[in-house]
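The values are calculated or read from the model by the stated rules, or taken from the named source; none is laboratory data. Since we're looking at a predicted model, the values are computed, not measured. Reconstructed Cβ throughout: ideal geometry from the backbone, glycine too, with neighbour counts over all protein chains shown. Side chains are part of the model used for accessible areas, which takes the heavy atoms of the whole protein and leaves out ligands, DNA and RNA. Shrake-Rupley method; radii C 1.70, N 1.55, O 1.52, S 1.80 Å.
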Amino acid sequence: MASIREVKFLNLLRNVKGIINLHEVFISGDLLVLVFDWMENDLSGLLSSNRLDLSIIKCFMLQILEALIEIHRRGLLHLDIKPANILVNSKGQICLADLGLMSPAIPPLSTNVITRWYRPPEILLGSTNYGSAVDMWSVGCIFYEMLMGSSPFQGKDDDHQLELILGLCGSDAFKAEGLSRLPRYQDTIRKMARSSSKLEKKLSSFNIPSEAIDLLSRLLSVDPAKRISAEEAFEHDFFYTGVEPEREGDLALPSSSIHEYELHEIRRRESTLHPNGELVETH
């Protein structure tokens, strides 16, 4: 069912810049096979072994935002923006992939969407009436990851994820009326310790440019009503001050294939089971 749903949206978005292009669909035995453009890397694989220059981050972000502008203009939500679903070829051209969770922005919507580390507070709190701002939170998490080298919120479960968001973004941000009325608010946020926002201070300590901090703060606005849109983010000063973005198509990225599933396999091979049952790395 998910594959059929994905094919529907891939056909709807055929030839849209920044969306992976579907060439062919056929059945092989019990499998529905989809044939796409070949993309050497995904962003997860690249980030695992590379610290990106600011000019490349700007180039990648502009392409992600441009694709989301087209998706959101059509009244659609991607609902699974994460590094593994952002494909990158050897020239630095980006395509969003894995449209299996994509949906029209018509409530009620599912809460079982978006990989947890990239899932926004409103969905974690049980909202089924959300919009394009949920994708923008995911973009904020990815922007942070490109700037800092690791995902900002690596929760073990939904409550832990909310706790991490509150710890970085501050408890005051959760006082927004649209959040305080959500189903899980009373059982989660009200029981967590109060804290102030640490986002700007943390980023400043790593010499992140002020324009980047401002954009990230707007993307990681806990209140979805105040979260920046894809169109607004595309016009943000971050992209037009300081170092210029690299030109897509002119980059020279690793030509060898680096994807998240390959990383998992490499890590599995490099791991061995300790006698006490814990998994340890071998070097």
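Please enumerate the residues belonging to region 151-190 that are open to solvent by 30 Å² or more (accessible area, probe 1.4 Å), free of Cβ contacts under 8 Å to residues at least 60 places away in the same chain and in a loop (DSSP other than H, G, I, E, B).
Those that are open to solvent by 30 Å² or more (accessible area, probe 1.4 Å), free of Cβ contacts under 8 Å to residues at least 60 places away in the same chain and in a loop (DSSP other than H, G, I, E, B): 154, 156, 157, 181, 183, 186, 187.
Provide a single number: the residues in region 124-150 that are farther than 18 Å from residue 102 by Cα, open to solvent by 10 Å² or more (accessible area, probe 1.4 Å) and not in a loop (DSSP other than H, G, I, E, B).
3
Within region 205-234, can you find the residues that are free of Cβ contacts under 8 Å to residues at least 24 places away in the same chain, farther than 20 Å from residue 119 by Cβ and touching a helix residue (DSSP H, G or I) at 6+ places or on another chain (Cβ under 7 Å)?
Hit for region 205-234 is 213, nothing else.
Please go through region 191-207 and pick out each residue that is open to solvent by 100 Å² or more (accessible area, probe 1.4 Å) and not in a loop (DSSP other than H, G, I, E, B).
Looking only at region 191-207, we keep the residues that are open to solvent by 100 Å² or more (accessible area, probe 1.4 Å), and these are 191, 194, 200-201, 206-207.
Residues satisfying the conditions are 191, 200, 201.
For region 235-256, check the following and say yes or no: at least one residue is closer than 25 Å to residue 111 by Cβ and touching a helix residue (DSSP H, G or I) at 6+ places or on another chain (Cβ under 8 Å).
Step one: filter region 235-256 for residues closer than 25 Å to residue 111 by Cβ, giving none.
No, every residue in region 235-256 fails to be closer than 25 Å to residue 111 by Cβ and touching a helix residue (DSSP H, G or I) at 6+ places or on another chain (Cβ under 8 Å).
Out of 109, 99, report the one residue that is in a loop (DSSP other than H, G, I, E, B), closer than 19 Å to residue 66 by Cβ, touching a Leu at 6+ places or on another chain (Cβ under 9 Å) and not aromatic (Phe, Trp, Tyr).
Working: 109 fails: closer than 19 Å to residue 66 by Cβ.
Only one candidate qualifies: 99.
Mind checking whether some residue in region 138-155 is under 26 Å from residue 11 (Cα atoms) and either among the aromatic types (Phe, Trp, Tyr) or in contact with a His (Cβ under 9 Å, 6 or more places away or on another chain) (or both)? It would help to see each step written out before you state the result.
Taking region 138-155 and keeping what is under 26 Å from residue 11 (Cα atoms), we get 138-139.
With the extra rule that they be either among the aromatic types (Phe, Trp, Tyr) or in contact with a His (Cβ under 9 Å, 6 or more places away or on another chain) (or both), the set shrinks to 138.
Within region 138-155, one or more residues are under 26 Å from residue 11 (Cα atoms) and either among the aromatic types (Phe, Trp, Tyr) or in contact with a His (Cβ under 9 Å, 6 or more places away or on another chain) (or both).
Just to check your reading of the model, which residue among 212, 252 is out of contact with any Gly (no Cβ under 6 Å at 6 or more places or on another chain) and buried (at least 19 other Cβ atoms within 10 Å of the Cβ)? Before the answer, list the steps.
Details: 252 fails: buried (at least 19 other Cβ atoms within 10 Å of the Cβ).
After ruling out the rest, the residue left standing is 212.
Name every residue in region 83-123 that is within 15 Å of residue 220 (Cα to Cα), surrounded by 23 or more Cβ atoms within 10 Å (Cβ to Cβ) and not hydroxyl-bearing (Ser, Thr, Tyr), in order of residue number.
If the condition is that a residue be within 15 Å of residue 220 (Cα to Cα), surrounded by 23 or more Cβ atoms within 10 Å (Cβ to Cβ) and not hydroxyl-bearing (Ser, Thr, Tyr), then 119, 120, 121, 122, 123 are the ones that fit.
Open to solvent by 50 Å² or more (accessible area, probe 1.4 Å) and modelled with pLDDT under 90: is that true of residue 265 in this structure?
Values: open to solvent by 50 Å² or more (accessible area, probe 1.4 Å): yes; modelled with pLDDT under 90: yes.
Answer is yes for this residue.
For region 18-30: of the residues being touching a helix residue (DSSP H, G or I) at 6+ places or on another chain (Cβ under 9 Å) and modelled with pLDDT under 95, which is nearest to residue 137 (Cα to Cα)?
Only one residue tops the list, namely 21.
Assess whether residue 53 counts as being acidic (Asp, Glu) and more than 17 Å from residue 118 (Cβ to Cβ).
Numbers: acidic (Asp, Glu): yes; more than 17 Å from residue 118 (Cβ to Cβ): yes.
Criteria met by residue 53.
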